[in-house]
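Read the figures in this text as sums done on the coordinates, not as results from a lab. These numbers come from a predicted model, not from an experiment. Neighbour counts are summed over all protein chains in view; Cβ atoms, including those assigned to glycine, are modelled from backbone coordinates with ideal geometry.
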Amino acid sequence: MKVLFLVVKVVLFLLALTFAVKNTDQVSVRYYLGLQWQAPLIFVILVVFSLGAVAGVFASLAHIVRLRRDLSRTQRELGDARKVVPSESAAAQAVSVSPAVASAVPPAAGAL
């Protein structure tokens, strides 16, 4: 499986590399007020892709922070609940009856 992922990564890298080599022409990006920026096409594509990725991270940042806050609150509540409820082994020890006492107790009516 690792070899398959390595092959896929190498193929994707080679596709990206050949795309970059084929798109080295100078392009002009025109702004308002007559401003202009000239750069290779692949560089412009890379900058726009990077800006989109950063915008996506910022857009999801509020959601991620809210989820982490909820997780922290839930973990704190779970810790508080574990302190209040005795552990299962402690409850089993408190309820368990010694064999000597169990043999001295008569069976319930109707029990076989």
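Reported count of residues in the stretch 61-78, each being surrounded by 10 or more Cβ atoms within 10 Å (Cβ to Cβ) and under 16 Å from the mean Cα position of the chain (by Cα), is 10.
Of all the numbered requirements in (1) surrounded by fewer than 10 Cβ atoms within 10 Å (Cβ to Cβ); (2) assigned to a helix (DSSP H, G or I), residue 19 misses one, and that requirement is (1).
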